[in-house]
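S.K.: Input: one structure, supplied below.
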Amino acid sequence: MKEMTPLEEIRHSSAHILAAAVLRLYPETKLDIGPPTDSGFYYDFDSSIPFTPEILEKIEAEMKKIIKENQRFERIEVSREEAKKIISDMGQQTYKLGRLDDIPDEESISFYRNGEFHDLCAGSHVSYTKKVKAFKLLHVAGSYHRGDSNNKQLQRIYGTAFQTKDELTEHLERIEEAKKRDHRNIGREMGLFHIDDMVGQGLVLWKPKGAIIRQELENFISEELNKQGYSQVFTPHVGKLDLYRTSGHFPYYQDSQYPPIIHRDCLTSLAQEGCTCSELSNKLEEGEIDGYLLKPMNCPMHIRIFRSEQRSYRDLPIRLAEFGTVYRWEQSGELNGMTRVRGFTQDDAHLFIREEQLQEEIQGCLGLVKLVFSVLGMNDYRVRVSLREPDSDKYVGEPEAWDKAETALREAVKTLEVDYEEELGEAAFYGPKIDFVVKDVIGREWQLGTVQVDYNLPERFDLSYVGSDNKDHRPVMIHRAPFGSMERFCGVLIEHFAGNFPTWLAPEQVRILPMNDDLIEHAEKLMGQLKQKGIRTSIDSLSGKLGAKIRKAENDKIPHMLIIGKKEAEQEKVSVRSRANPKLDGSRSLDEFSAAVTSEIKNKDLPFKRQSKAKD
RNA sequence: GCCCAUGUAGCUCAGUCGGUAGAGCGCGUCCUUGGUAAGGACGAGGUCGGCGGUUCAAAUCCGCUCGUGGGCUCCA
């Protein structure tokens with residue numbers, strides 16, 4: 001028997017009660033599986049009746065009845081033959097027999113029984129249904145049997161359960177709170193970005209305020225690149241299909257690319273020949289006709305820059321960096337605000353190195369990723385060593401090269417001094433990688449920073465440098481992006497700060513609040529002085545009384561407010577009210593204030609954390 | 001791409017049984033000139049996502065389509 005925590009037992013038992021309730025109401029339903037999860041439980045059903053929200057309510061009511069009946073959970077150990085009989089007697093052969101086959105011979109086979117309901121189950125469970133005191137069904141979602149999209153899609157009912165009603169209420173309230181920091185809401189409220197139907201799904205429009213944040217982040221990275229021996233380059237957004245045939249992107253990843261761009265003369269003559277769509281597709285794949293591709297990755301272009309000159313071992317490492325925009329045709333159901341989009345800008349770089357430089361260079365890249373995260377106070381990430389899936393054919397290159405790359409990454413990650421886990425099947429098609437993964441407000445994980453080792457593309461593009469022995473040698477490549485993509489990173493960053501950005505990133509750093517219109521002129525003078533020092537400043541001359549101006553500035557999440565009344569104007573002082581740094585609060589000279597803000601910006605100080613008093 | 005849900009003013013949402021629309025915030029004009037989280041009055045904004053159907057009549061019912069949300073699959 002598997003031992004579960006008390007909470008897991010409650011959730012697991014809730015799943016059984018759910019299935020029992022569904023069978024009472026809809027006896028034709030076929031059951032698949034229903035485990036506990038990190039935040040609740042689910043059960044997968046095959047039913048011709050769509051489970052609407054109304055039906056969910058009915059099911060929930062039936063579950064409450066079952067709990068009230070206080071059925072005992074009873075474990076029954078059986079032989080394989082007996083198990084088959086129980087499953088058949090219940091009419092649940094469709095999925096349960098397959099699940100039975102999954103149980104290895106040496107393991108015992110058990111059912112859990114509560115009331116009239118039996119389920120093939122290793123356990124464990126609570127003793128009686130009444131032990132489930134606080135649960136709620138949340139929503140229905142489609143899910144493929146065994147997670148394979150070739151299989152039938154089942155209906156998954158999600159729910160959650162806790163040991164007490166208070167904990168359940170608290171959990172539901174937390175979900176509501178989290179929605180408020182969702183980057184899609186904050187991004188709209190603060191005017192950071194916009195995704196427009198007419199422009200296209202998953203294509204982000206950065207509005208002026210969002211553009212400031214992105215620009216600051218790019219400047220931050222650029223400064224680090226200059227310190228660390230990178231050279232910045234620019235490359236176009238489209239390239240010939242041949243480039244991507246060589247790299248292997250086309251046609252193998254055709255499904256996740258925008259369709260190729262083909263010249264209209266070529267299309268016209270193909271049309272005259274009566275060329276069908278599938279013939280066109282074949283001709284493209286075989287290289288009979290050429291076209292251009294919206295670039296899905298920057299590396300092929302950087303590789304061609306490397307190749308454009310003869311390289312000596314003395315030149316290496318060559319580190320080419322670019323904020324490069326790439327386009328990928330993500331499935332429509334996958335798109336999500338800024339975190340999963342169809343056009344995004346990577347803070348990309350490719351390092352061309354000698355093999356013996358591999359350790360040092362990987363560690364340099366990892367250090368940069370770690371620096372970026374620590375400057376932004378993002379300590380809540382996990383590190384994943386993404387390795388290839390053995391026996392899979394989705395990778396290019398020789399196993400020996402993969403082994404070398406994987407070993408190098410394993411060694412490098414140890415120097416990071418953080419916990420990490422290895423995961424099979426997460427590698428890129430050309431090489432293994434180390435990924436920095438963070439969670440969004442809903443608990444979904446997103447890959448941000450990444451460092452990847454690649455022996456394959458140098459091979460495919462026949463790259464070489466001249467060694468000290470005067471012979472040609474093959475360089476190794478590292479792909480790395482500390483933010484990953486500007487879009488995704490900013491989305492996560494918005495949620496991380498809940499819109500309360502540190503001053504260096506805040507689109508509006510200081511807002512001056514004049515007490516009355518007579519003081520606007522004075523306020524403009526002060527604004528001029530602050531702008532001279534490079535501080536992004538504005539004046540609120542519209543919002544009515546002081547209280548209203550303060551409220552507006554708080555809601556706009558402005559780091560610093562300067563309140564200017566008659567008193568301040570006469571004494572040549574400003575009254576500071578600061579979210580980012582409460583130490584600045586109070587009356588002081590403008591110079592003193594601007595010096596403090598300038599140093600805050602220069603040092604990229606993180607905002608002081610305090611709860612907002614506002615009620616929404 | 002698939003399943004379910006959903007789409008009404010810039011935003012958040014109400015709109016009963018089918019009888020051509022409402023609120024709050026925001027925005028505009030005017031009044032108010034104020035001391036640390038909302039001063040007041042008036043006003044302008046909507047082919048009810050789009051197309052088609054049923055009906056004397058559609059925001060409301062049906063079909064298709066586009067977008068969005070939550071999942072599943074995918075993520076070089």
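The values are calculated or read from the model by the stated rules, or taken from the named source; none is laboratory data. Being a predicted model, the structure only gives us computed values, none of them experimental. Ideal geometry is used to build each Cβ from the backbone, glycine not excepted, and the neighbour counts take in all protein chains shown. Note: areas computed on protein heavy atoms with side chains; ligands, DNA, RNA excluded. Shrake-Rupley method; radii C 1.70, N 1.55, O 1.52, S 1.80 Å.
S.K.: All but one of (1) at pLDDT 95 or above; (2) in a loop (DSSP other than H, G, I, E, B); (3) in contact with a strand residue (DSSP E or B) (Cβ under 7 Å, 6 or more places away or on another chain) hold for A:SER468; state the number of the condition that does not hold.
M.R.: Among (1) at pLDDT 95 or above; (2) in a loop (DSSP other than H, G, I, E, B); (3) in contact with a strand residue (DSSP E or B) (Cβ under 7 Å, 6 or more places away or on another chain), the lone unmet condition for A:SER468 is (3).
S.K.: Next question, about the same structure. In segment A:124-239, which strands (runs of 3 or more DSSP E) lie fully inside it and hold 1 or more residues that are on the phi > 0 side of the Ramachandran plot and either hydrophobic (A, V, I, L, M, F, W, C) or open to solvent by 80 Å² or more (accessible area, probe 1.4 Å) (or both)?
M.R.: none
S.K.: Filter segment A:21-79 down to the residues that are over 38 Å from the mean Cα position of the chain (by Cα) and among the polar types (S, T, N, Q), then identify the one that is least open to solvent (accessible area, probe 1.4 Å).
M.R.: The selected residue is A:GLN71.
For every residue, the table says whether it meets (1) in contact (Cβ under 8 Å) with a residue 60 or more places away in the chain; (2) open to solvent by 70 Å² or more (accessible area, probe 1.4 Å).
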| site | (1), (2) |
| --- | --- |
| A:GLY324 | yes, no |
| A:GLU334 | no, yes |
| A:PHE352 | yes, no |
| A:ILE362 | yes, no |
| A:PHE373 | yes, no |
| A:LEU387 | no, no |
| A:VAL396 | yes, no |
| A:ALA408 | no, no |
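S.K.: I want to confirm something. Restricting to segment A:463-506 and keeping residues that are closer than 28 Å to A:ARG245 by Cβ and free of Cβ contacts under 8 Å to residues at least 24 places away in the same chain, which single residue is farthest from RNA strand B (Cβ to nearest atom)?
M.R.: Restricting to residues being closer than 28 Å to A:ARG245 by Cβ and free of Cβ contacts under 8 Å to residues at least 24 places away in the same chain, the top hit is A:ASP472.
S.K.: Oh, and also: Residue pairs, Cβ under 6 Å, 6 or more apart or interchain, first in segment A:290-312 and of a type in the set (Gly, Ala, Ser), second open to solvent by less than 10 Å² (accessible area, probe 1.4 Å) and at pLDDT below 95. List them.
M.R.: Note: pairs meeting the criteria are A:GLY291/A:LEU241.
S.K.: Just to be sure I understand, how many residues within segment A:165-207 are more than 9 Å from RNA strand B (Cβ to nearest atom), over 16 Å from A:GLY343 (Cβ atoms) and not basic (Lys, Arg)?
M.R.: Summing the residues that are more than 9 Å from RNA strand B (Cβ to nearest atom), over 16 Å from A:GLY343 (Cβ atoms) and not basic (Lys, Arg) in segment A:165-207 gives 18.
Residue-wise test of (1) modelled with pLDDT under 95; (2) in contact with a strand residue (DSSP E or B) (Cβ under 7 Å, 6 or more places away or on another chain).
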site: A:PHE489; (1), (2): no, yes
site: A:VAL492; (1), (2): no, yes
site: A:PRO502; (1), (2): no, no
site: A:VAL510; (1), (2): no, yes
site: A:ILE520; (1), (2): yes, yes
site: A:GLY528; (1), (2): no, no
site: A:LYS545; (1), (2): yes, no
site: A:ILE550; (1), (2): no, yes
site: A:LYS566; (1), (2): yes, no
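S.K.: Which residues, counting only those in segment A:496-513, are over 15 Å from A:LEU542 (Cβ atoms), open to solvent by 10 Å² or more (accessible area, probe 1.4 Å) and not in a loop (DSSP other than H, G, I, E, B)?
M.R.: Of segment A:496-513, the ones over 15 Å from A:LEU542 (Cβ atoms) are A:496-507, A:509-510.
With the extra rule that they be open to solvent by 10 Å² or more (accessible area, probe 1.4 Å), the set shrinks to A:496-498, A:500, A:507.
Result: A:HIS496, A:PHE497.
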